[in-house]
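The values are calculated or read from the model by the stated rules, or taken from the named source; none is laboratory data. On a predicted model such as this, the values are computed, not experimentally measured, just so you know. Every residue, glycine among them, receives a Cβ derived from its backbone with ideal geometry; neighbour counts consider all protein chains shown. Side chains are part of the model used for accessible areas, which takes the heavy atoms of the whole protein and leaves out ligands, DNA and RNA. Shrake-Rupley method; radii C 1.70, N 1.55, O 1.52, S 1.80 Å.
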Amino acid sequence: MRTALVFGASGQIGDALLRRLDAQDWQVFAVSRLARPSASNVRWLRGEFGRIEDVPAAVDVIFSTGPLDGFSQWYARGPVATARVVAFGSTSLDTKQASHDAHERDIVARLQSAERLVFDTAAANGASATVLRPTLVYGAGRDQTLVRIAAMAKRMGFFVLPRGADGKRQPVHVDDLAAAALAVVDVPATHGQAYALPGGETLAYREMVARTLAAVQPAVRLREVSMPMFKLALAFARKAGMMRGLTDDAVSRMREDLVFDASPAQRDFGYAPRAFIVDAQAVGQG
């Protein structure tokens, strides 16, 4: 029986990965801040990067499905021996590099630093690391984009976008990410590599939102307004304590194509993500 230590196990990617590992009879040590009852082949360990209770001395694979910066620092301290590391980063490393928002630029810097530290630590320990960079993640009803759109639309009875929000997007289903994490484990070509993991369909931002709204019950209308009117409404929303996470750069990116090449992942480990099909459960309405 192969062994795995999974960080971010209670998150949306980690949860999907646990199901796949359990189904394939891995012995899994899953890290959570809260105590959880162990079941089947999954043993829950209480803790976080600072301290984990009863952590094993060695495992076959370490998976990181949560924050990469925290994991990279934990991994560099070397408390658990392994020959294989699979860690999730983000395509934000590319899409937010030129952002005018200091917080977004800080995210990019932290992702870059964390990736370097993971690869450097693996090399120093004679291990092999792979970093997976998803695009916009959906499917578990726990993401911070589509679920937030659906919740706001349901509360207001409609959803507003600026006209021209036609930048291309590639939403990726959480289970396709879990499948990718397992697929790279035994493929030497993936060692020391980072891969973009877009979804299987490229569509306009507006269309992505429209399909999300179609999954909300009762039905919700999409309203499109001019960009000046949208920014005015956004300013009022921020004063009311809403939409603070929607920066001006994020609004501008609605018109920009954020498209990534899946062919390296397809070539090296057979990555084959599904098209964007969203239902009520995927947007937290099921």
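The table below lists the values:
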read-out	value
Candidate set from segment 193-208 (those that are in a helix (DSSP H, G or I) and either out of contact with any strand residue (DSSP E or B) (no Cβ under 7 Å at 6 or more places or on another chain) or open to solvent by less than 20 Å² (accessible area, probe 1.4 Å) (or both)); member that is farthest from Ala272 (Cα to Cα)	Glu207
Answer from Arg155, Arg116 - the residue that is at pLDDT below 95, over 18 Å from the mean Cα position of the chain (by Cα), of a type outside the set (A, V, I, L, M) and part of a helix (DSSP H, G or I)	Arg155
Qualifying residue in segment 107-125 (condition: of a type outside the set (D, E, K, R), surrounded by fewer than 17 Cβ atoms within 10 Å (Cβ to Cβ) and in contact (Cβ under 8 Å) with a residue 60 or more places away in the chain)	yes
Condition met for Asp175 (free of Cβ contacts under 8 Å to residues at least 24 places away in the same chain and open to solvent by 20 Å² or more (accessible area, probe 1.4 Å))	no
Some residue of segment 27-36 being within 23 Å of Gly89 (Cβ to Cβ), within 22 Å of the chain's Cα centre (by Cα) and loosely packed, with under 13 Cβ neighbours inside 10 Å	yes
From Phe260, Phe276, residue being open to solvent by less than 50 Å² (accessible area, probe 1.4 Å), in a loop (DSSP other than H, G, I, E, B), under 30 Å from Ala124 (Cβ atoms) and of a type in the set (A, V, I, L, M, F, W, C)	Phe260
Near pairs, Cβ below 8 angstrom, 6+ apart or cross-chain, from segment 91-102 (in contact (Cβ under 8 Å) with a residue 12 or more places away in the chain) to any residue that is open to solvent by less than 80 Å² (accessible area, probe 1.4 Å) and part of a loop (DSSP other than H, G, I, E, B)	Thr91/Thr135; Thr91/Pro198; Thr91/Leu258; Thr91/Phe260; Asp94/Phe260; Thr95/Leu258; Ser99/Thr247; Asp101/Thr247
Residue match in segment 70-78 (condition: hydroxyl-bearing (Ser, Thr, Tyr) and at pLDDT 95 or above)	yes
Subset of segment 79-107 [farther than 21 Å from Ile13 by Cβ, at pLDDT 95 or above and not in a strand (DSSP E or B)]	Ala83
Arg211 surrounded by 23 or more Cβ atoms within 10 Å (Cβ to Cβ) and touching a residue at least 60 places away in the same chain (Cβ under 8 Å)	no
